[in-house]
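None of the figures in this text is laboratory data; all of them are computed from the coordinates on show. Source: prediction; values computed, not measured. With ideal geometry, Cβ positions are generated from the backbone for all residues, glycine too; neighbour counts draw on all protein chains shown.
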Amino acid sequence: MTTSSQENDWAVWMRAAMIGDAGAYRQFLVSVAPHVRAVARSRCRSLGTPEGEVEDIVQEVLLTIHLKRGTWDRSRPIGPWVAAITRNKLIDILRQRGRHITVPIEDVMDSLKAEDPTPELSTRDIDTLLGHLKPQQREIVRSISLNGSGIRETADRLQMTEGAVRVTLHRALKALAVFYRSGRP
Amino acid sequence: MKTDDFINLLAKDFDRPWSFRSMLAGAVAGGIIIAAILFFAGIGFRPDISEAVRSNRFLFKFVVSVSLAVTAIWVALSVGRPGGSLAHRGLALAIAPSLLAGAAVVELLVLPESQWVPHLVGHNARFCLTLIPLLAIGPLACLLAALREGAPSNPGLAGAVAGLAASGIAATFYAANCTDDSALFVITWYPIATLMVTTAGYLIGRKLLRW
């Protein structure tokens with residue numbers, strides 16, 4: 001979205017992702033994250049929200065983009081779609097934290113053009129929320145995210161089928177989105 | 001958890017998602033089937049249906065109800081997505097009311113004044129106000145379920161639009177049962193039933209369609 005070529009890449013990756021290309025999908029998320037971070041940081045800065053919360057917001061927005069990717073109309077540009085989700089989520093998150101704000105979509109579009117590549121921050125919210133998952137969901141999420149295992153390895157280790165691991169992972173992510181929404185623990 | 005690790009996690013859940021468009025299409029089909037079952041099992045066509053289909057007044061009711069359903073579904077496709085608002089397609093919602101208003105004006109011109117009130121009151125107002133909302137429950141439930149998989153920027157609005165679409169589907173079935181064909185009857189009672197369903201859609205949508 002910095003340039004139309006960036007947005008083009010996003011669209012290409014996302015289309016590939018829709019037909020099952022996990023690598024392209026990962027590239028899409030990796031490429032979108034710094035832009036979402038730039039938006040989140042500029043919002044937090046102007047509202048005086050602690051910088052430490054920026055990465056929590058980034059993760060929640062990415063999760064939403066992930067779960068709602070079926071709402072992208074492939075015949076339309078992907079940048080405004082990412083901006084709309086980011087904006088909606090920002091308003092909700094900051095409202096949850098007791099701030100009633102309006103976020104003009106133009107501001108989001110502008111900040112989305114910037115990149116903020118500070119990726120090494122660790123977050124607390126997600127780790128707390130993981131604690132609310134069912135044990136098996138948590139086990140699978142930990143195995144894939146923290147240990148970097150693949151679906152198959154995880155399935156072998158837990159003596160489950162790959163399909164069952166996939167379904168459990170998907171349900172876990174949906175559950176996380178609900179936990180995020182229903183308020184931070 | 002670091003964001004890189006989180007991204008790895010998301011990227012592992014890459015099963016092809018249903019597109020919002022297919023979800024909505026499925027909901028429309030499901031809603032129509034439920035309303036049809038209810039209609040044929042419980043209500044059925046009016047007794048004089050074979051003569052009625054030769055009457056323009058009778059047929060025009062379907063022009064109005066189908067255009068309401070089609071335009072509202074088309075608008076739902078837009079307001080169900082992030083960033084969607086009435087600004088893009090909202091004007092289409094004026095089509096059904098305009099057609100109906102036009103027909104009512106014609107009716108006032110062609111009917112003698114003494115016939116206005118009897119046509120407006122009709123015989124079936126109570127059925128109209130109960131059967132349309134009843135027939136709309138299934139379609140509304142299906143449409144709200146599909147919109148839940150969407151991401152409406154304005155949940156209340158999306159729910160209300162689902163209510164309009166459900167009313168259009170319900171009214172299409174109900175119109176085949178109702179023997180009051182005057183546009184004066186339709187413009188008086190159908191909108192009240194539609195308003196009930198739309199309000200329900202709005203209230204449920206505001207709660208249910210947040211994401």
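What share of Cα pairs, in percent, lie more than 18 angstrom apart in the stretch A:125-181? Present the calculation step by step, with values, prior to reporting the outcome.
Values: 421 of 1596 pairs.
Taking all Cα-Cα pairs of the stretch A:125-181, the fraction more than 18 Å apart is 26 percent.
Given that compact globular proteins tend to follow 2.2 N^0.38 Å, what is the ratio of the alpha-carbon Rg of chain B to that value? Could you put the intermediate results ahead of the total?
Details: Rg = 19.8 Å, N = 211, 2.2 N^0.38 = 16.8 Å.
Rg over 2.2 N^0.38 Å, computed on Cα atoms: 1.18.
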Spatially proximal aspartates and glutamates relative to residue A:174 (Cα-Cα < 18 Å; intrachain offsets below 8 disregarded) = A:56, A:60, A:92, A:125, A:127, A:139, B:5, B:13, B:15, B:149
Residue A:92/residue B:29 FRET efficiency (R0 45 Å; Cβ-Cβ; nearest 0.05) | 0.90
In whole Å, what is the distance between the alpha-carbon centres of the stretch A:50-78 and the stretch B:86-102?
-> 33 Å
Remind me, relative contact order of chain A in percent, using alpha carbon pairs under 8 angstrom and six or more residues apart?
-> 23 percent
Rounded, prolate or oblate: which fits chain A when a ≥ b ≥ c are the square roots of the eigenvalues of the alpha-carbon gyration tensor, with rounded for a/c under 1.5 and prolate only if a/b beats b/c?
-> oblate
If every Lys and Arg gets +1 and every Asp and Glu gets -1 at its Cβ, then about the Cα centre the stretch B:18-208 yields a dipole, in debye to the nearest 20, of 620 debye
Three principal axis lengths of the protein assembly as shown [C-alpha, angstrom, descending] | 80, 49, 38
In whole percent, what relative contact order does chain B give with Cα contacts below 8 Å and a gap of six or more residues?
-> 32 percent
Report the paramagnetic label zone for residue A:132: residues of the stretch A:69-93 whose backbone N is under 15 Å from a point 7 Å from Cα along the Cα-to-Cβ axis.
-> A:93
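Okay, helix-only estimate at 222 nm for chain B: each DSSP H run of n ≥ 4 adds -39500 (n - 2.57), divide by all residues, round to 500 deg cm²/dmol; what do you get? Display every interim value, and only then the final one.
On the way: 10 runs with 158 residues, N = 211.
Rounded to the nearest 500, the figure is -25000 deg cm²/dmol.
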Using the beta-carbon distance between residue A:102 and residue B:116 and R0 = 51 Å, what value does 1/(1 + (r/R0)^6) give for FRET efficiency, to the nearest 0.05?
-> 0.55
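What length, rounded to one decimal in nm, is gained on full extension from residue B:41 through to residue B:129, with 0.36 nm per residue of separation minus their alpha-carbon distance?
Numbers: separation 88, 0.36 × 88 = 31.68 nm, distance 1.91 nm.
That works out to 29.8 nm of additional length.
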Interchain or long-range residues, amide H under 5 Å from residue B:2's placed H = A:123
Any chance you could list P(r) for the stretch A:36-86, counting all Cα-Cα pairs in 10 angstrom bins from zero, rounded to whole %?
-> 25, 47, 23, 6
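Beyond 19 Å between alpha-carbons counts as too far, so tell me which of A:134/B:207; A:113/B:12; A:68/B:12; A:89/B:207; A:68/A:89 fall in that bin. Display every interim value, and only then the final one.
On the way: A:134/B:207 25 Å; A:113/B:12 27 Å; A:68/B:12 16 Å; A:89/B:207 16 Å; A:68/A:89 12 Å.
The pairs that break the limit, which is 19 Å between Cα atoms, are A:134/B:207; A:113/B:12.
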